[in-house]
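Read through the structure below, which is laid out as structure tokens, and then see the notes.
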Amino acid sequence: MKQTFDFEQFTPPILNERILRRELEKRAEQRRTVLLAVAGALFQAVFILLGLLCWSTAPMLTLTCIGFAIVSMVGSGVITIIYAQRGGANYGPVY
């Protein structure tokens, strides 16, 4: 059988427990981020549906619920853009 990679040519990458734990933490943070984004979208959908259900009885409540959902979407979008541009793991002040 022909060998596809010559393991004697290069030294293997250095792996230690710290590197592996950092990778595990990064994956866990990505999972938490996705869950938070889904929870936020569901929360906004609930407010929009609540507003639509109350349209005939309380039009002001409808406008308030939909306005809150729009403000929440805009805020989530801004936070997502900043998080993506800053690389994710930097929790310091934004300048």
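The values are calculated or read from the model by the stated rules, or taken from the named source; none is laboratory data. All values reported here derive from a predicted model rather than from experimental measurement. So basically every Cβ, Gly included, is an ideal-geometry build from the backbone, and we count neighbours across all protein chains shown. Heads up: the accessible areas ignore ligands, DNA and RNA and are worked out on the full protein's heavy atoms, side chains in. Shrake-Rupley method; radii C 1.70, N 1.55, O 1.52, S 1.80 Å.
What to note about this one:
- Rounded to the nearest 10 Å², the accessible area of ARG86 at probe 1.4 Å: 90
- Residue (of ILE19, ALA45, GLY75) at the positive-pole extreme of segment 19-82, dipole from beta-carbon charges: ILE19
- Based on DSSP H segments of at least four residues, each scored -39500 (n - 2.57), the chain has a per-residue ellipticity at 222 nm of -25000 deg cm²/dmol.
- Computed on protein heavy atoms with a 1.4 Å probe, the accessible areas place SER76, SER56 in the order SER56, SER76, largest first.
- Look at [x] 1.58; [y] 1.87; [z] 2.08: the one that is Cα Rg over 2.2 N^0.38 Å derived from this structure is [y].
- In this calculation the C-beta distance from LEU42 to ASN16 is compared with R0 = 35 Å, giving a FRET efficiency of 0.30.
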